[in-house]
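> To start, I am sharing the structure in question, which I have written as structure tokens.
FYI, it's all coordinate maths here, none of it is from the lab. Owing to the predicted nature of the structure, the values given are computational and were not obtained by experimental measurement. Every residue, glycine among them, receives a Cβ derived from its backbone with ideal geometry; neighbour counts consider all protein chains shown.
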Amino acid sequence: MLKTLFASAAFAALAVAGVQAQTQPVDPATPPAVAPMDGVTPAPLAPAADPMAPAADPLAPEGFTTVELSTISTDQLIGTNLVNHNDETIATVGDVLITDNNEVEGVVATFGGVLGFGANKVLLEPDEVQVLQDSTGALIVRTNLTPESIENRPVYEG
């Protein structure tokens, strides 16, 4: 009896969820239709610009926007390619150092080695890197540094 009651309740919940899933969500970017009062149909309103959207960077590659380093999680950054302005991969992000105040203190660049063995690590300052994101959310980290200047930095032991 109890099994039948639970099975009936589960079926009812699934049926209600199916009906709710079929309703059309309201898009807040689409303005509501307005009936014309004088017979002239008004032009649709343009969606307002998102003040939180990243600003277009004229130096960013086409399809990419600049993102503040502090707004990206360390999990997203670690393993991301570090590229120069010629889009050549010169290192990868091995780690991100965060202060007690949750501010980015530095970015650890990893380069050389084979399959992670024998790789060198150096510390880059936050202002030496630029995080770029495309429309799919893919990230790249770009720097003005050359591979030689990175290789000549002191090894990071952290």
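> Return the loop-located GluC sites (Glu not before Pro) in the stretch 100-158 (DSSP other than H, G, I, E, B) with at most 14 other Cβ atoms within 10 Å of their own Cβ; answer none if there are none.
Glu103, Glu157
> Neighbour counts of other C-beta atoms within 10 Å: give me Thr89, Thr136 arranged from fewest to most.
Least crowded to most crowded, the residues run Thr136, Thr89.
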